[in-house]
Each structure stands twice: as structure tokens, then as C-alpha cells.
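Here's the structure, in C-alpha cells; my notes come after.
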């Protein structure tokens, strides 16, 4: 059985707590609308200005992960918060979630960047080339763009030095669509970049400094929009970065050797990683050590459930000249290593079964726009698929409003008319190839599996108005709260028992048993919704933590199936601006706070 459920959608809306006493006030939990500058350097401190609503009762700032602590916090004159944070030398770089904790509960999440580069703030008056702010290599600067605004930075180094300029905006939740142009000191444009592959709408460009060692960087929004929410981090560095990861995942509990390559790496780097024992999901791999410095990859690896193999021709340019025979239910980790390459696999088939061939690529950050082609034993064409089939996959990207895989990941489902051996081909729609074109292909007959997700009632949350209520659980003693969930079931299972883990003393929720229909369409997804009732005792003590939703069932052969629900949180950074596609963060746990008795909690 292959990997399922990398990301499961948490739809926008409010949970709808049980009827609350009239004394409970509305909209009293803190709401964050901005955090600037959105970063801190490992081994140093940073001063953040946090803006929002209901910040007067904030008692703590909660930062995910380890190694970052709040040193000082005070109210600013305009109602904002000034927060001094410190990142110790052991803190792992990457993107972190930040919540505010107040008397009325937790806020919505925003993002910050834990970086190895020294940071600074943009100096105003840099609207043209002649006024560009000086910026040294291996530093970062945080800036903001107003409507119609452009910012300029002068980078100076050694002639011929390779310098990378990278913008982080979308990845931090800002609605900016950055465009970067490099000019020489005479004002001649050298190169321009926007929406680099694998950067979620952000951009990155590498260029060698000209003879005088000077380039001027111009940054602006694609449509020249701006405002207080249009912030960015401009990173300038000469250390290596990678654009490719292989394999894109591995079986749970196994020790997997991962390789990063591409970008400005002169040679690949390897690292062994023990996949977590629970299944399935995705994990961060941490730093890859090598000459000069550690390298961090903003990619997550899929955690698979069933047997896995590595394509023999996964080295770029080799291809698969002799098709690999796949056992049903196996996941193969492959790569279209060169332009125009086609990878080929064979699978035994039996009359009366349905064959599924499913690709994970774009959903895991690959550049591959996959095409699956199915042929019979005489290599005669049977079927082909470029885009996913709606309602046939458990693999869901965070931006999808329906149950479907990433828009460019392929899925074929085909009825077998006679025994034999079929041929499956994987290629890129546009004939591309290289290190960055990895994939995971799962092939098998009809299977039994399911994915679980936290869900909320759709249609009640305006994307342009941040609010914590759909994403965190602020619980008042003496009340109850509905916890809706959704199961996407493939095949036929026994009863599915759903329970919550991580509840503190005084908070309980009885497990719920669902009995899916046994006469559903064969090979299609059955979507079932349910809810757990979370009861908070009147004497429950104040607490903060994480809830995990776990669903378990037996497969047709008696095998145990256990799945953790995923909550996908939108990270809203703008209020009153034209909404654009939000940035999402996938969590396998849902944050909660049990309030002190008598404290108010938002009720919607």
C-alpha cells in the first residue's frame, strides 16, 4: 500500500462552539495582522513590532520549534506590541509559526524566518538606482512596498563573485508577487526573475558580479500593488543552495539516504534520515552538512506506508532502458533525469481488477509536470493522463477547495480486461528533465485506505480578515466545543474509530465510531464527515498545548490502519487588501488553550 494524504485540506470557516452564555464576549481573542521585521538571525536578537487587535491582554508569544525565546515584551503607544526575541546558536533555521497568547485565548498564526544571515531594515529614499541602499553579500534586509513603490539595493563584492539574490514574501504569508531585476552600475539591466520554481511564488536569481563588483537590485510587486502588508525579506548570499531533493520520500521507520543537488552546488550532498514511525505525512529533513557551511532545504519529504524502491535510472541522463517490474502496491522513487527522458515500468495485471497509477511530484516541490501513459503487453496505447482525476485521490494540496491532488500530478485508474503485463510510462509534459524532476509513483490494484482531516464549516471566514477562531481552540471551562472532521475513504474498511489525543486534565472527548457504507462505488473515494464533542470541565485548569486527531480501522485482510488528521492553516498577513491565494502551513496537531475560569472567549 502506497503513501497517502501528504496534505489534507482544512476548509475556511468557524468551528461553531456550542451555545455559550450571553456573558461571553465576541471577538476578544487577539488577532495578529502584522509582524515586522519577519525574522531573526541564529545566535542573535531581533526587535519585532506586532500589530493587530485585542493585543492589550497579551501575556505571551508562542513560537513553534525550539531555540527561540522572548526576552522582553511591551506595549507600544499605538496599541502594537514590541517584542524582543533571541535565537540561540542551536536553533534550526527555517520558517516558524508565531501565536500570541492572551487572557481570551490564542491568536491566529503568522510566520517568521529563522535565518543564518545577519539582518537589517530597509532605509527609505531608495526609490531609484542612484539612491540604492548599500547591502553586503551574506546579509538580509527587510522592507515594505507601498502602492507603485520600487526599492533599490546596491550589492558590492569581488569581480566575478557569484551572488544569489532571493526574495521571501509569499513564503512568509505576505501578498506580494515579487519581481527582481539586476542592473550594472551604469543602469543596464542584466537579468530579471519572478516566481522561481519551487518557491511558492517567490523568486531567486544567481549572477556573477561584473568587473567593478557592483550590481543594483530592484524589487517591486508584479502589479505594483503595496501597502502595510506588502513586506519582504531580501536575502543576498554567496553560499550554495540546492534546488533538487531525491528521493522525495521514504517508508515510515526506515533509514533513508537523501541527496540534494542543483542550484549552485558544485557536487551533491547526502544525509541519512530515519523516517518517523507513524504514517503517513511529511517531515523536515534538517541541515545537509558539507564544505563551507550547512545547507538547508525548504522541502519536506513524504512518509510512505508500504514497500518502496528506487528507480535504477534515477541518476540524471540514465533513464530506464530496461523497464523495472513493480509489485502491486509498491511506490517507486524516480526522476526524469534529462530532457525528453521517459521512465518505463511493468506491472502484472489480472482480469477484473482496476489498476491505479498515481504520481506525487508537484505536491512535493518537484518541477515535473507529469504525464502517465499506460500500454498493454504489446506496447499498444491504453490510456494517458496529464492532470488528476477529481475524486480519485487521497493526496490533497493545501490550496485545493476539493479532494484532489496537485494540479499537475497525474493519476490513471483503468479496468483490466485480460491477464497480462502492462507498461507504465512517466514523462514531463513539456519535455523537461534534470535533478529537480523527481517523483513518487504508486502503482497497484484497488486498495483500502483513508485520510483524515480537521474541517470547519465553509463560507463564514473572509480571507481578508484574520481571525483565530477557525484555526485554534480557545476553550472556556464549563463549555463544550464541536470538533468536526472528515474522512476520505478508498476501498472498504471496517468501522473507523476516531479519537483525540493530547487533552489536558479536565478536558475530555468520547471517541466516535463511524461505519462507512460497504456498497459504495468500487475504487472511488467515499467522503464521510463526523464530529467529536470536546467537554471542558468547570474546574479545568488553564493549559496550552496541541490536540491530535487519530482515526483507526481494520482493512479487509484484518490489517490495522491508523491515520493522523492534518490541519492546514492559512497564514493571513493582510487585512482590507485584495485577497490573493493565501499561504498555508500543514500541521498534524491543532493548538488549543484552556482559559482561566471567568475569562471570555470568542464565540461565532
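In table form, for the structure just shown:
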item	result
Number of positions in region 96-110 that are closer than 15 Å to residue 83 by Cα and buried (at least 22 other Cβ atoms within 10 Å of the Cβ)	5
Matching residues, region 260-284, being under 21 Å from residue 442 (Cβ atoms) and modelled with pLDDT of 80 or more	273, 275, 276, 277, 283
Hey, residue 90 modelled with pLDDT of 95 or more and not assigned by TED's automatic domain parsing to the domain that holds residue 172 or not	no
Yes/no for residue 282 being assigned to a strand (DSSP E or B) and either in contact (Cβ under 8 Å) with a residue 60 or more places away in the chain or closer than 27 Å to residue 137 by Cα (or both)	yes
Residue that is under 21 Å from the mean Cα position of the chain (by Cα) and either modelled with pLDDT of 85 or more or not assigned by TED's automatic domain parsing to the domain that holds residue 334 (or both), where the choices are 419, 428, 409, 462	409
Condition check for residue 328: without any contact (Cβ under 8 Å) to a residue 24 or more places away in the chain, part of a loop (DSSP other than H, G, I, E, B) and either in contact with a strand residue (DSSP E or B) (Cβ under 6 Å, 6 or more places away or on another chain) or over 27 Å from residue 548 (Cβ atoms) (or both)	no
Residue 350 farther than 22 Å from residue 412 by Cβ and loosely packed, with under 15 Cβ neighbours inside 10 Å	no
All positions within region 264-298 that are closer than 14 Å to residue 248 by Cβ and buried (at least 20 other Cβ atoms within 10 Å of the Cβ)	275, 280, 281, 282, 297
Number of the exception - residue 237 against (1) surrounded by 15 or more Cβ atoms within 10 Å (Cβ to Cβ); (2) under 19 Å from the mean Cα position of the chain (by Cα)	(2)
Those strands (runs of 3 or more DSSP E) lying entirely in region 509-604 with at least 2 residues modelled with pLDDT of 80 or more and surrounded by fewer than 19 Cβ atoms within 10 Å (Cβ to Cβ)	512-514, 525-536, 543-554, 560-564
Any pair with Cβ under 9 angstrom, 6 or more apart, that starts in region 416-431 at a residue that is exposed (fewer than 12 other Cβ atoms within 10 Å of the Cβ) and ends at one that is assigned to a strand (DSSP E or B)	418/349
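The values are calculated or read from the model by the stated rules, or taken from the named source; none is laboratory data. For clarity, every value in this text was computed on a predicted model and none was experimentally measured. Backbone-built Cβ (ideal geometry, glycine too); neighbour counts: all protein chains shown.
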